[in-house]
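Accompanying notes for the structure given below.
Coordinate-derived values only; no laboratory data. These numbers were taken from a predicted model, which means no experiment stands behind them. Cβ atoms come from the backbone with ideal geometry, glycine included; neighbour counts cover every protein chain shown.
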Amino acid sequence: MSVLQLALSWTSVCPLLAVLAAAPVALLTFWTAKLLVRHAWYTHRMACFSKPHARSWLLGHLGQVTLSKWKSNTVHHHLFSAVFCCLPAASITVKDELIYDHLRPWLGNSLLLSNGEAWSRRRRLLTPAFHFDILKNYVTKFNTSTNTLHDKWHRLLVEGTTNIEVFEHFTLMTLDSLLKCAFSYDSDCQQSSSEYASAIIELSDLIIERRQRILHHWDWIYWRTQQGKRFKKALSIVHKFTRDVVQKRLALISQKGVAELAAHRKRDFVDIILLTKDEDGKGLTDEELQAEANTFMFAGHDTTASAICWSLYNLAHHNHYQEQCRQEVMDLMEGRDVDEIKEDLSSLPFTTMCIRESLRLHSPVQAVTRRYIQDVKLPGERTVPKGAICLVSIYGTHHNPAVWTNPHDFDPLRFDPKNQEGLSSHAFIPFSSGPRNCIGQKFALAELRVVVALTLLRFRLLPGNDPKRETPFEKVRRLPQLVLRAEGGLWLQIEPVTQTQ
Ligand code: HEM
């Protein structure tokens, strides 16, 4: 090839290379400009809301909202948001992609993540699965799972272990009981490792990790990382499990018929959602069924485990209340051959007050967020602009001194019906509020009462000690993740309660 020919071929290739190189730069410039215009527009529209001084015009208050800094004047704004964000109809707010999208590969377009008509149809179809009569079936299963946990604790005591990190124990316990309630499946996950239970824990941990790494928010990057690959692996285990359960159950129903199935065993969650039909006689498709079964497992296990752990933690730190609860449970059990909580959950009023106070002080879910799909006018000539994501701080609402006197104190008597007069219906929102509140709240409260009551009946609880800490009995620090945990775990000392005590 002559020098001239070579030069000519380069001149035709060079513009192509230049275009190829310029395209990403142009795209990046366009994307950054779009982001800055959007930022400026929202800053202008939100100027009507008072807010603390921001350290940076670009990052706003990012990193400024830490638990220790949530002083009274700031939390006041959060109550304000709670009242106005919970009340609008579900039709003008939707689940935002920033917080909820990472759950989509796992839960699909299920009750927790769907919006609009798809959500209301699901909510209508699933509500019967949480009816009081159905919950009664689950109470026996809560007792069984709690007994398994306590057998484990008795074995640990025999071995000389009294200081226990309770989060791990109760996470496995709530998974165990949910598997029994959802699928009538005995995983034995509290005693030996279960592939399905481990995969659920892995998925929850990976979602927390993903939220904390900004680059992992992009699917394209995430699925190429080690974490993304681990997520996919755990996901295939979980999805295969629910698919198999639903398919087997459908086969059983078509073989034996609904009536025979109902006659021979107590219905579980899958049975109920398999059989529910809307006004047009249409039920959920197989795919929708699996999504709801996955959601039941996701939304139900970590949240309830967190609530149980913090309830026991608060009682361990307030011995007089612990004794009062124990006495209440002992009175209920008097004359019974077996220690079993039956449908008499309402006979534990003081224990229930302690659980509610713990849900206030240590809410498992710290906040919920929503995207507004239309402008919403608030009192005082202020408007939340369409497209804005609004965070409702459950923590802020529950610690607002304008609503709760001495909000940081554990005082179960606040929940004595006598003391509730004049309290706003939005002052206590551990299960959120409004149309999209927690569908599983009665289920969770029933499980909490069974576990807390049986635990106090059999064990005396004292503050524990994280062996890795340099200063023993240092103050426990909150760790808000998907649910509220504690840095280094939550440690309790356990002692057996003897009959004569
Ligand atoms: C103490 C335990 C629990 C707490 C503190 C809790 C809290 C919450 C909160 C705050 C929400 C609103 C979430 C949002 O708007 O993004 C929610 C929704 C939900 N929860 Fe729970 N939850 C608990 C237990 C359960 C249980 C046991 C189940 C199922 C067995 C469950 C199923 C759901 C579902 C399906 C939703 C979505 C409801 C909808 O959007 O219509 N939760 N929960």
In 10 Å bins starting at 0, how do the alpha-carbon pair distances of the chain split up by percent?
3, 16, 26, 25, 16, 7, 3, 2, 1, 0, 0
In region 195-238, the chymotrypsin sites (Phe, Trp or Tyr not before Pro) that sit in a DSSP loop and have at most 13 other Cβ atoms within 10 Å of their own Cβ are W218
Taking 0.36 nm per residue of sequence separation and subtracting the Cα-Cα distance, how much length would be gained by fully extending the chain between L58 and L252, in nm to one decimal?
64.0 nm
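Please arrange R449, R124 by how many other C-beta atoms lie within 10 Å of their C-beta, fewest to most.
Final ranking by Cβ density, sparse to dense: R124, R449.
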Extending each Cα 7 Å along its Cβ direction at Q441 and R124, get the distance between those two points in nm, one decimal.
2.3
Taking only C-alpha pairs under 8 Å that are 6+ residues apart, what is the relative contact order of the chain in percent?
23
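Based on other C-beta atoms within 10 Å, arrange V365, V37, V338 from fewest to most.
Ranked by crowding around the Cβ, least crowded first: V338, V37, V365.
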What ranking of H399, H426, H39 emerges when the number of other C-beta atoms within 10 Å of each C-beta is taken as an exposure proxy, fewest first?
H39, H426, H399
Scan of the chain for GluC sites (Glu not before Pro) in DSSP loops with at most 10 other beta-carbon atoms within 10 Å gives a longest site-free stretch of 1-158
For a Förster distance of 22 Å, can you work out the FRET efficiency between the beta-carbons of E117 and R267, rounded to the nearest 0.05?
0.20
Relative frequency of Cα-Cα separations exceeding 18 Å in region 259-383, percent
74
Report the gain in length on full extension from N109 to L36: 0.36 nm times residue separation, minus Cα-Cα distance, nm rounded to one decimal.
23.1 nm
Calculate the FRET efficiency for N419 and N319 from the Cβ-Cβ distance with a Förster distance of 22 Å, rounded to the nearest 0.05.
0.50
In whole Å, what is the distance between the alpha-carbon centres of region 127-164 and region 445-484?
16
Helix-only [θ] at 222 nm, the chain, -39500 (n - 2.57) per DSSP H run of 4+, per residue, nearest 500, equals -18000 deg cm²/dmol
Cross-link list K136/K442; K442/K475; K51/K377: which exceed 20 angstrom alpha carbon to alpha carbon?
K442/K475
Just in region 364-416: which trypsin sites (Lys or Arg not before Pro) are loop by DSSP and have at most 13 other Cβ atoms within 10 Å?
K386
Counting Lys and Arg as +1 and Asp and Glu as -1 over every other residue whose Cβ sits under 13 Å from the Cβ of A251, the net charge comes to +2
Helix 132-158 vs. the chain, principal-axis angle (Cα, 0 to 90°, nearest 10)
80
